[in-house]
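To keep things clear, I will list the structure first and then write my remarks on it.
The values are calculated or read from the model by the stated rules, or taken from the named source; none is laboratory data. Note that the structure is a prediction, hence the values are computed from the model and not measured. Ideal geometry is used to build each Cβ from the backbone, glycine not excepted, and the neighbour counts take in all protein chains shown.
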Amino acid sequence: MSKTSKFLIFLFSLLVLFSIGSSYYRYVHLQNFEIFTNEENLDAIACEWDTSQYLIISDNVFVPLIYYSHISTLILSLLLGFFILFNNKKALPNILLFLTTVFLAIWIFGDLVLWATEKPELTMFFWSILNLVEPMVYAFLFYFFSTFIEKKDISLTKKIVIFGILLPTILLTSTNFALSGYDLTNCDRAAIEGPLAFYGYAIEIFFVLWIIITAILKYRKIDSYERKQLLLLTFGVSFFLLSFALGNIAEAITGNWSIGQYGLIGIPIFIFLLTYLIVKFKAFDIKLIGSQALIIGIIILNISILFIREIENIRIVIIVTIGLTVFLGYQLIIGVKREIKAREDIEIKEGELKIANIHLKELDKLKTEFLSLATHQLRSPLTAIKGYTSMILDNSYGVFSETLKEPLTRIFQSTQNLAKVIEDFLNVSKIEQGGLKYQFVQLNILPLLSQVTKELEVLAQAKGLELKMEHTLSESVIVFGDEQKLRQVFLNFIDNAIKYTPTGSIRIIMESKQDGVLISIVDTGVGISADDRNKLFQKFGRTESGRLNTGGSGLGLYLAKQIVHDHKGSIDVQSEGKGKGTTFSVFLPFDMKSKIIA
């Protein structure tokens, strides 16, 4: 969130608190407002108003269904808001929907106070709060709607527009522009609204239209699955806001304040649609079992019946409640059946996966056995070809024509490469069949590296590369390891360095560490990218530069890592990027009973 957005939020919160405080100071503390009376000078005693308890309990609430319509919607909205917030406290749509339900709960509570209270100062204060928070319900619901369908925060421009639209309401709440006085010309206990109230109605319609336009523009850009969610959410939000706005506007125009309660019918419809979105489309990333949500809804509906004040109205309410209970119960049964079916399908798939896994293991075992057998069968004739070719090159069968030397040399080199590939395959099959076999002994690593370096000098010189060892150690560096396996590791690393270094040098650096020896093979070659480093030690893994060399098996580094790991050592690779060389480092621990001999 940008600094400007944070500043707007801070300023908005500060102004809202100031507006509430100034309204309380004017209407409750100072009781500074004008009371309008008729010629008969009616007062509270003549109207026989009841004294309210806990602000909302009194006989002044003469419309039978006020408590039922208000308390059920207040509980439902707050429950949904808290549930969605605590599911993911960091998701912006969740936070915005929670704030919307909080503003809505404040409005519902304040409206109940207006019905119940007999005190003019409380009527004026809570009426001003209603005028303050009502447009915020629309603004925050638009904000929620936009972030939910776009999957991101709205732009700073839209935030400034929303803030600018709400600013007059916030600044003028405690002034005569909002409420000009208290009406004592009748017994309705009503405030006289100023022009700001009608401004509030105008911006409410504006936000509804903005939501509908946003939905239409988004509808064209999404697939059919997302369109179903968009249509449900748009209908729920629009129906709620329109019914809420039209109910309040009808109150203001007709003066019949009981009409407003019918506007609250949009709230449970909106909540049920949100619940359906959660259950059907996993909205808000909530893993909610549908039966739980529906049972909670049924319980709240039945509890709300307790707030009906007159027995003759209970039949109507029970009929409505039964209808909703039947609908929710039907959805509950469908949801339970769906969940049972899903679990049964999962169990069937799990059984199939177990059988498939067993079959795959058998196939993998057969593959490994075939690989081992095939490579064993190939190794014998290759050894013979390599041996006879070497003898011909050494003139063991007499002097041969000079024109045959180049093809014979190529045959010998190709046979060597193929023998190395076969050896790699054999080692991999041994690993898969239970691990390589080692002959661990106390081993002087220095002569081993010197010998490997000398063997590969010819290859380096053929490419015009410098290959040298660098160390300041004595002639004895003892580790506990398998000589042939470690020889294979260093042959692989140095051979790769020669292959992938067009010009420059390869240095083999040995360093003594506290509990082992570090051997680094440093080249000035093609280098390795950060992405390719993750592929290096995988089976058949090839880097972009490695694809240029088709002679390898793609198993050398995989085997090297396994061998070093079995020696309780570690391998590291560093490169600054393409064309900047590579450093392979092998750390081997000393035998616990050995040390570097000075």
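When both residues are 6+ apart or on different chains and their Cβ atoms are under 8 Å apart, which pairs have a first residue that lies in segment 89-116 and is closer than 17 Å to residue 150 by Cβ, and a second that is charged (D, E, K, R) and at pLDDT 90 or above?
Close Cβ pairs satisfying both conditions: 92/153.
Kindly indicate which of 453, 472 is more than 15 Å from residue 494 (Cα to Cα) and without any contact (Cβ under 8 Å) to a residue 60 or more places away in the chain.
Going through 453, 472 in turn, just one is more than 15 Å from residue 494 (Cα to Cα) and without any contact (Cβ under 8 Å) to a residue 60 or more places away in the chain: 472.
Against the condition touching a Leu at 6+ places or on another chain (Cβ under 9 Å) and either among the acidic types (Asp, Glu) or assigned to a helix (DSSP H, G or I) (or both), how does residue 126 come out, does it pass?
So residue 126 passes the test.
Of everything in segment 73-82, what is touching a residue at least 60 places away in the same chain (Cβ under 8 Å) and either in contact with a Gly (Cβ under 8 Å, 6 or more places away or on another chain) or buried (at least 21 other Cβ atoms within 10 Å of the Cβ) (or both)? Give them in sequence order. Before the answer, list the steps.
Going residue by residue through segment 73-82, those that are touching a residue at least 60 places away in the same chain (Cβ under 8 Å) are 73, 75-77, 79-80.
73, 76, 77, 80 - these are the residues of segment 73-82 that are touching a residue at least 60 places away in the same chain (Cβ under 8 Å) and either in contact with a Gly (Cβ under 8 Å, 6 or more places away or on another chain) or buried (at least 21 other Cβ atoms within 10 Å of the Cβ) (or both).
Looking only at segment 532-544, decide whether some residue is at pLDDT below 75 and at positive phi.
For segment 532-544, residues at pLDDT below 75 and at positive phi: present.
I'm checking my understanding of the structure. Among residues of segment 463-477 that are at pLDDT below 85 and touching a helix residue (DSSP H, G or I) at 6+ places or on another chain (Cβ under 9 Å), which one is surrounded by the fewest Cβ atoms within 10 Å (Cβ to Cβ)?
Filtering segment 463-477 for residues that are at pLDDT below 85 and touching a helix residue (DSSP H, G or I) at 6+ places or on another chain (Cβ under 9 Å), the one surrounded by the fewest Cβ atoms within 10 Å (Cβ to Cβ) comes out as 475.
Would you pick out the residues in segment 205-217 that are surrounded by 18 or more Cβ atoms within 10 Å (Cβ to Cβ) and of a type in the set (Val, Ile, Thr)? So that I can check it myself, show each step before the final result.
So the first thing to find is which residues in segment 205-217 are surrounded by 18 or more Cβ atoms within 10 Å (Cβ to Cβ), and the list is 207-208, 210-211, 214-215.
Listed by number, the residues that qualify are 208, 211, 214.
Do we have residue 156 as farther than 18 Å from residue 19 by Cβ and touching a residue at least 60 places away in the same chain (Cβ under 8 Å) here? Quick ask: steps written out before the conclusion?
On the way: farther than 18 Å from residue 19 by Cβ: yes; touching a residue at least 60 places away in the same chain (Cβ under 8 Å): yes.
Against the criterion (farther than 18 Å from residue 19 by Cβ and touching a residue at least 60 places away in the same chain (Cβ under 8 Å)), residue 156 qualifies.
Among the residues in segment 439-446, are any assigned to a helix (DSSP H, G or I), in contact with an Asp or Glu (Cβ under 8 Å, 6 or more places away or on another chain) and modelled with pLDDT of 70 or more?
yes
With the requirement that a residue be closer than 26 Å to residue 141 by Cα and surrounded by fewer than 19 Cβ atoms within 10 Å (Cβ to Cβ), what does segment 173-184 give you? Give the derivation first.
Residues of segment 173-184 closer than 26 Å to residue 141 by Cα: 173-174, 177-179.
Hit for segment 173-184 is 177, nothing else.
Please go through segment 483-530 and give me each residue that is of a type in the set (S, T, N, Q), out of contact with any Gly (no Cβ under 7 Å at 6 or more places or on another chain), at pLDDT 90 or above and buried (at least 17 other Cβ atoms within 10 Å of the Cβ), ordered by number.
Answer for segment 483-530, where residues must be of a type in the set (S, T, N, Q), out of contact with any Gly (no Cβ under 7 Å at 6 or more places or on another chain), at pLDDT 90 or above and buried (at least 17 other Cβ atoms within 10 Å of the Cβ): just 520.
Being among the aromatic types (Phe, Trp, Tyr) and closer than 28 Å to residue 116 by Cα is the requirement here; does residue 219 meet it?
no
Applying the selection to segment 162-175, what residues are in a helix (DSSP H, G or I) and not β-branched (Val, Ile, Thr)?
Residues satisfying the conditions are 163, 164, 166, 167, 168, 171, 172.
Out of curiosity, is residue 192 in contact with a strand residue (DSSP E or B) (Cβ under 6 Å, 6 or more places away or on another chain) and either surrounded by 17 or more Cβ atoms within 10 Å (Cβ to Cβ) or not assigned by TED's automatic domain parsing to the domain that holds residue 50 (or both)? Walk me through it before giving the result.
On the way: in contact with a strand residue (DSSP E or B) (Cβ under 6 Å, 6 or more places away or on another chain): yes; either surrounded by 17 or more Cβ atoms within 10 Å (Cβ to Cβ) or not assigned by TED's automatic domain parsing to the domain that holds residue 50 (or both): yes.
Here the answer is yes, as residue 192 does meet what is asked.
Does residue 202 satisfy the condition of being surrounded by 21 or more Cβ atoms within 10 Å (Cβ to Cβ) and assigned to a helix (DSSP H, G or I)?
no
From the set of residues in segment 572-594 that are under 17 Å from residue 512 (Cα atoms), in a loop (DSSP other than H, G, I, E, B) and touching a strand residue (DSSP E or B) at 6+ places or on another chain (Cβ under 7 Å), which is modelled with the lowest pLDDT?
Here the residue is 594.
Quick grid of which residues meet (1) part of a helix (DSSP H, G or I); (2) among the hydroxyl-bearing types (Ser, Thr, Tyr); (3) in the same structural domain as residue 221 (by TED's automatic domain parsing); (4) at pLDDT 85 or above:
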| residue | (1), (2), (3), (4) |
| --- | --- |
| 45 | yes, no, yes, no |
| 60 | no, no, yes, yes |
| 63 | no, no, yes, no |
| 83 | yes, no, yes, no |
| 134 | yes, no, yes, yes |
| 140 | yes, no, yes, yes |
| 146 | yes, yes, yes, yes |
| 160 | yes, no, yes, yes |
